[in-house]
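Take a look at the structure below.
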Amino acid sequence: MVDIRKMIRSFSYAFEGVVALFRYENNARFHLIAAFGVVLLGIVLGLERFEWALVAIVIGAVWAAEAFNTAIEKLCDLVSPDYHPQIKAAKDLAAAGVMITSVVAVVVGAIVFGGKLWCWFLNM
């Protein structure tokens, strides 16, 4: 059986994490602002449903990568507040995950928006 109270409590913890992510993490705020810009551009250019789905997937992936990166960094800082090469490697790898996800999002954005922007500029 599903414990509804436990599930609601879990969702409330997750929501607290989302609020903390965008409240305290500079890079997450940057990605939030970028996502708003992308959504506005998508509205202006009239994206199709499939294009919206791709945009939503990569936006969510970048935000999730930021959340995982932040969690790993905070855990590393707790475990080893002083410099340690393995902690540095863990943090660098987590940051690389965000960067890779962000680059993929830019590529998807170029594919989705590129042709539409090109046509829009030609028709100006």
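The values are calculated or read from the model by the stated rules, or taken from the named source; none is laboratory data. None of the values given here were measured: they were computed from a predicted structure. Cβ: placed from backbone, ideal geometry, glycine included. Neighbour counts: every protein chain shown. Calculation scope for accessible area: heavy atoms of the full protein, side chains included, ligands and nucleic acids excluded. Shrake-Rupley method; radii C 1.70, N 1.55, O 1.52, S 1.80 Å.
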Computed on Cα atoms, Rg of segment 1-109 relative to 2.2 N^0.38 Å comes out at 1.28
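In segment 20-70, which GluC sites (Glu not before Pro) fall in coil by DSSP and have 14 or fewer other Cβ atoms within 10 Å?
Here the GluC sites (Glu not before Pro) that fit, given the DSSP loop and packing criteria, are Glu48.
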Please identify the helices of the chain, taking whole runs of DSSP H, that span at least 18 Å along their own axis as judged from the Cα atoms and have a mean Kyte-Doolittle score of 0.5 or higher.
26-45, 49-79, 85-122
Please state the charge dipole magnitude for the chain, taken about the Cα centre, from unit charges on C-beta atoms (+1 on K and R, -1 on D and E), reported in debye and rounded to the nearest 20.
240 debye
Could you give the radius of gyration (one decimal) and Dmax (whole number) of the Cα atoms in segment 1-46, in Å?
15.8, 46
Rolling a 1.4 Å sphere over the protein heavy atoms, what is the accessible area per residue of the chain, to the nearest Å²?
74 Å²
For the chain, give the percent of accessible area contributed by carbon and sulfur heavy atoms, probe 1.4 Å, rounded to a whole number.
72 percent
Kindly provide log₁₀ I(q)/I(0) values, in the same order as q = 0.20, 0.21, 0.26 Å⁻¹, from the Debye equation applied to equal alpha-carbon scatterers of segment 73-124.
-0.73, -0.76, -0.91
Candidate aspartates and glutamates - alpha carbon under 14 Å from Lys91, same-chain residues fewer than 8 apart omitted:
Glu66, Glu73, Asp77, Asp82
Unit charges at the beta carbon, dipole of segment 1-103: most positive-side option, Leu32, Ser12, Gly97
Ser12
What chymotrypsin sites (Phe, Trp or Tyr not before Pro) does segment 1-97 have in DSSP loop regions with at most 11 other beta carbons within 10 Å?
Tyr83
What lysines sit close enough to Lys116 to cross-link, taking a C-alpha to C-alpha distance under 21 Å and skipping anything fewer than 8 places away on the same chain?
none
